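The values are calculated or read from the model by the stated rules, or taken from the named source; none is laboratory data. Being a predicted model, the structure only gives us computed values, none of them experimental. Positions of Cβ are backbone-derived with ideal geometry, glycine not excepted, and every protein chain shown enters the neighbour counts.
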Amino acid sequence: MAGRFAPRPARPTLPHQAARAVRGDERPLTREWTPPGPLDLRLVLGPLRRGPADPTFRMAPDGTFWRATRTPEGPGTLRVAGRGDRVGAQAWGPGAEWLLAGLPALLGADDDPDAFTPHHRLLAVARHRRPGLRLLRTGLVMESLIPSILEQKVTTDEAYRAWRLLVRRYGTPAPGPTAALGLHVMPDARTWAMIPSWEWHKAGVDTKRSSTIMRAVRVAPRLEEASTMELPRAAARLELIPGIGPWTSAETLQRSNGAPDAVTVGDYHLPGIVGYALADNRHADDEEMLTLLTPYEGQRHRATRLILLSGRIPERRGPRMTPGNIAAL
């Protein structure tokens, strides 16, 4: 009942919340870039969004995309918008120059869609209908690795909730005019390492996943080096950390490295989707999925993206997985 209890005193400011005030009127750095071919910003940048309320990513009603991230130079906010056959970008914060320098790579300039040759009509049609699909490359490992670890063995809703709660609680407000959007920059490695066990529990993250994140952030600089490695070496570097396997490394390197062959093995749904699309077998396992994707060696991640975009997805025949809630325990 409202007014029944006296209001609690304000909580003291936490160390990560004592950052400098974020000015919304600071002048941004700007850049324009002309992509080498068709570019669909929604398809390219979509993999960065971790749920509709992701505090690090927004698509505004005017069709612009906002991204808050932690660069090697510090926090930064990037705003991207299409301008005819060009792309305009604005950036704020200590990481602004780094973000603008990496804009072409982020939007798929290093990707080569022509390297993909469809061997199934379904994929040929999907590619024809999605000419603006390019594989992004962020050059940042930890920002994709941590949410990928949170997504291990749970429903996407549970993982998105955990990411949202932890970033809002321990991250910092994004630089620039982002107050209305509620954008936050994810915590740095030291802050992740200092999150107490009960806060992980309140966010619904079990000990196995939180411990994996703790191990990863302790060697964050070494893991970030994987962003410049070829796929096999990069995956091997990430998988040295106990708790990080092929599924997590693939989900990370698809985003950080723009790896076109980083196929997600160990996924609950993907083998059945690929099997249904290419062989009418909704019960395919990882082994059959990899066999079906053999003609696309070197481009297997792109092939799975096109399959997902084709709309040929098997109908559900059972109830959705029930989300857990360890926070209530």
Any chance residue 198 is of a type in the set (Phe, Trp, Tyr) and crowded, with 22+ Cβ neighbours inside 10 Å
no
Kindly provide the set of residues from the stretch 79-98 that are more than 16 Å from residue 182 (Cβ to Cβ) and either polar (S, T, N, Q) or assigned to a strand (DSSP E or B) (or both), ordered by number.
80, 81, 82, 83, 86, 87, 88, 89, 90, 91
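Residues that are within 21 Å of residue 192 (Cα to Cα), touching a Leu at 6+ places or on another chain (Cβ under 6 Å), buried (at least 20 other Cβ atoms within 10 Å of the Cβ) and modelled with pLDDT of 95 or more: does the stretch 128-136 have at least one?
Within the stretch 128-136, none of the residues are within 21 Å of residue 192 (Cα to Cα), touching a Leu at 6+ places or on another chain (Cβ under 6 Å), buried (at least 20 other Cβ atoms within 10 Å of the Cβ) and modelled with pLDDT of 95 or more.
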All conditions in (1) of a type in the set (Gly, Ala, Ser); (2) closer than 29 Å to residue 104 by Cβ; (3) in contact with a Lys or Arg (Cβ under 9 Å, 6 or more places away or on another chain) are true of residue 236 except (3)
Is the stretch 48-64 home to any residue that is at pLDDT 95 or above, within 21 Å of the chain's Cα centre (by Cα), among the polar types (S, T, N, Q) and within 30 Å of residue 157 (Cβ to Cβ)?
yes
For residue 230, are the conditions met, namely being within 19 Å of the chain's Cα centre (by Cα) and within 30 Å of residue 111 (Cβ to Cβ)?
no
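State whether one or more residues within the stretch 258-266 are in contact with a Leu (Cβ under 8 Å, 6 or more places away or on another chain) and surrounded by fewer than 18 Cβ atoms within 10 Å (Cβ to Cβ).
The answer is yes, given that some residue of the stretch 258-266 is in contact with a Leu (Cβ under 8 Å, 6 or more places away or on another chain) and surrounded by fewer than 18 Cβ atoms within 10 Å (Cβ to Cβ).
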Does residue 251 qualify as being loosely packed, with under 15 Cβ neighbours inside 10 Å and of a type in the set (Asp, Glu)?
no
Please go through the stretch 99-127 and pick out each residue that is in contact with a Pro (Cβ under 9 Å, 6 or more places away or on another chain) and part of a helix (DSSP H, G or I).
104, 113, 115, 124, 125, 126, 127
Scan the stretch 251-279 for residues that are free of Cβ contacts under 8 Å to residues at least 24 places away in the same chain and under 13 Å from residue 307 (Cβ atoms) and jot them down.
267, 269, 271, 275, 279
Step by step: first the residues of the stretch 112-133, then only those that are farther than 20 Å from residue 229 by Cα and among the charged types (D, E, K, R), then the one that is nearest to the chain's Cα centre (by Cα). Which residue is that?
130
Please work out which one of (1) surrounded by 16 or more Cβ atoms within 10 Å (Cβ to Cβ); (2) in contact (Cβ under 8 Å) with a residue 60 or more places away in the chain; (3) under 28 Å from residue 311 (Cβ atoms); (4) not hydroxyl-bearing (Ser, Thr, Tyr) is the condition residue 49 fails and give its number.
(2)
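Does any residue of the stretch 171-186 turn out to be over 30 Å from residue 114 (Cα atoms) and in a helix (DSSP H, G or I)?
Initially, the stretch 171-186 is screened for residues over 30 Å from residue 114 (Cα atoms), giving 171-186.
Narrowing further to those that are in a helix (DSSP H, G or I): none.
No.
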